[in-house]
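Just below is one structure, and these are the notes that go with it.
What follows is calculated from the coordinates using simple rules that are stated; it is not laboratory data. All of these numbers come straight from a predicted model, not from anything done at the bench. We place every Cβ from the backbone using ideal geometry, glycine too, and count neighbours over all the protein chains shown.
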Amino acid sequence: MIINQWIPAAHRGDAVGDNARVMRDLLRSWGHESEIYAITIDTDLVSEIRPWDDADARQGDVTILHFAIPSPMTRVFGTLPGVRVLQYHNITPAHFFAAYDPGICRMAAEGRRELATLAGRTDLALGVSDYNRQELLALGFERTGVLPIVVDTARLTSADPVPALESLLQDGLANILFVGRIAPNKKIEDHIRLAEQYKRYVDIYYRFIFVGNYNAVPGYYATVRALIAEYQMLPDRFWFTGPVPDRELAAYYRHAHAYVSLSEHEGFCVPLVEAMAMDVPVLAYSAAAVPETLDGAGVGFAPKDLELAAEWLGALVYDEPLRQQVIAGQRRRLAAFSLDQLAPRLQSLLAEVA
């Protein structure tokens, strides 16, 4: 059987593309023909990702569309003759961007409108979390299921060291890590407010590290930097690294004392799984799909009381018995995202429709 996947853009290190490549290799191991087709392809991926305008892209017995942004793929996907499977990775609601970038705000709104057009034209609609599946049901999709993202944690757990960087990270400060785009739904401004509470009530020897693209929403990033200045905090205690290669990302995880998520909208949140794989205790605001991804692992909290969060953060950094207890719970939860767990689920879902 030919089972193809469509992704609008193929970027190395992007959760959607990485997930598609793991699925492709799995499908091939089961004896299926399987290719990934994309509109935009990074140079270092052209040998393994095929262009979407290739005629073979429309010839699959089953086609899986990974939906995260609006694209020309949406309209064509709904007309394909074979089995059509949607995997919904979530779209951040437009209102998060309204004050910072009208263009992204419009794109997010258009993405949700596009998604709705596939209701009734999809044989199976999968959310990467039940939170996403509930959104699909609300839009009118009838046949739904859940297939979590397959996270390639081996690229981090087996990464070579980066001695120069790791030396900088071992200077006696507590490293508080966040990984992801600097975007309004991530509520990075709350990380700055958390740092103020942490400095005031817990410890002055801290460093907040933000690994990810900070140019995606420039107006928002400027607001975050302005807040640091407003609090008169030491700028060198806040590192905004931009995107980094896997070796460096692994180094940041390896030397993180805690991972913090204060996001108010996540469809899955891959860095939570990465942090669990790297034995970094997680402190997370319980919103959207975050409680589902953690499922009792880490330390989740709500409402968003940052003074309480600062106390929890200090405990995760300095209370070694608590820290080890949390890490043990995260290791147990991590097993749910292994290929051994997810492969049978994918096989069963495909058999159901194909």
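By the rule of a C-alpha distance below 17 Å, with chain neighbours fewer than 8 residues away ignored, the aspartates and glutamates paired with K304 are E189, D190, E196, E264, E266. Each Cα pair under 8 Å and six or more residues apart adds its sequence gap; the mean of these over the residue count of the chain is a relative contact order of 14 percent. I need the shape label for the range 159-292. Rule: rounded when a/c is under 1.5, else prolate if a/b > b/c, else oblate, with a, b, c from the alpha carbon gyration tensor. It comes out rounded by the Cα gyration axes. For the range 154-337, relative contact order (Cα pairs under 8 Å, six or more residues apart, normalised by length) works out to 25 percent.
Taken about its Cα centre, the range 242-354 carries a charge dipole of about 280 debye when Lys and Arg each add +1 at the Cβ and Asp and Glu each add -1 at the Cβ. The alpha carbons of the range 3-150 occupy a box of 46, 36, 27 Å along the principal axes, longest dimension given first.
Of the residues V162, A288, G31, the one whose Cα sits farthest toward the positive end of the charge dipole of the chain, with +1 on the Cβ of Lys and Arg and -1 on the Cβ of Asp and Glu, is A288. For the chain, modelled as a GNM whose springs connect Cα atoms under 10 angstrom apart, the maximal fluctuation among P243, P303, P148 occurs at P303. Cβ-Cβ distance of W30 and T117, R₀ of 25 Å, FRET efficiency by 1/(1 + (r/R0)^6): the value works out to about 0.20. In terms of other Cβ atoms within 10 Å, F337, F301, F77 run from fewest to most in the order F301, F337, F77.
Based on alpha carbons, the Rg and Dmax found for the range 69-198 are 19.8, 60 Å. In loop segments of the range 1-88 as defined by DSSP, the GluC sites (Glu not before Pro) with at most 16 further C-beta atoms inside 10 Å of their C-beta are E48. Taken along the Cα-to-beta-carbon direction at a fixed 7 Å, the label points for T157 and E248 span 2.5 nm. Per-residue ellipticity at 222 nm computed for the chain from its helices equals -12500 deg cm²/dmol, with DSSP H segments shorter than 4 residues left out and the rest contributing -39,500 (n - 2.57). Sites listed here are GluC sites (Glu not before Pro) in the range 256-327 whose DSSP assignment is loop and whose Cβ has at most 10 other Cβ atoms within 10 Å, and the list is empty.
The trypsin sites (Lys or Arg not before Pro) of the range 92-178 that DSSP puts in a loop, and whose beta carbon has at most 16 other beta carbons within 10 Å, are R121, R143.
Simple spin-label estimate for R75 and Q324 gives 6.1 nm between the two label positions (7 Å along the Cα-to-Cβ direction from each Cα).
Rounded, prolate or oblate: which fits the range 253-315 when a ≥ b ≥ c are the square roots of the eigenvalues of the alpha-carbon gyration tensor, with rounded for a/c under 1.5 and prolate only if a/b beats b/c? Oblate shape, in that a/c is at least 1.5 and b/c is the bigger or equal ratio. At full extension, Q59 and L137 could sit 25.2 nm farther apart than now, given 0.36 nm per residue minus the alpha carbon distance. Computed from the alpha carbon positions, the gyration tensor of the chain leads to an equivalent ellipsoid with semi-axes of 36, 22, 19 Å, biggest first. With neighbour counts taken as other beta-carbon atoms within 10 Å, the residues T63, T153 rank, fewest first, as T153, T63. Annotation for Q341 and K304: the two label points, set 7 Å from Cα along the Cα-Cβ direction, are 2.8 nm apart.
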